[in-house]
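What follows is calculated from the coordinates using simple rules that are stated; it is not laboratory data. For clarity, every value in this text was computed on a predicted model and none was experimentally measured. Positions of Cβ are backbone-derived with ideal geometry, glycine not excepted, and every protein chain shown enters the neighbour counts.
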Amino acid sequence: MTPLSVTVYNAGMITTASISGIGERIRALRVEAGLTQTDLAKLVGLSQPACVSQYECGRRRPDLDTLARFAKVFSVSLDELCGLQKSRRR
């Protein structure tokens with residue numbers, strides 16, 4: 001699977017950033033929060049807990065709406081979740 005690409009608008013400049021490792025970040029944040037994949041699926045509003053597993057393993061890519069829900073659950077920005085900005089949590 002090719003890495004997810006995001007167009008970033010920054011101070012009038014448009015760049016495309018490759019988001020690799022988003023699954024690892026979702027997993028790390030989930031474990032840090034003490035959540036199971038089933039817990040996280042319910043909080044994010046996913047009908048199937050297997051979706052979380054697929055996101056974490058990189059077999060499936062979350063859409064923008066789902067990314068926003070993950071960010072809200074973990075209280076991080078989309079930039080932090082996508083690896084475009086360093087996490088302030090640690």
Output for segment 31-45, where each listed residue is surrounded by 15 or more Cβ atoms within 10 Å (Cβ to Cβ) and small (G, A, S)
A41
Kindly indicate the residue of segment 46-75 that is farther than 18 Å from V31 by Cβ and of a type in the set (G, A, S) and also surrounded by the fewest Cβ atoms within 10 Å (Cβ to Cβ) among those meeting that condition.
S47
List every residue pair whose Cβ atoms sit under 7 Å apart, with the two residues 6 or more apart in sequence or on different chains, where the first one lies in segment 50-75 and is at positive phi and the second, anywhere, is surrounded by 14 or more Cβ atoms within 10 Å (Cβ to Cβ).
G58/G23
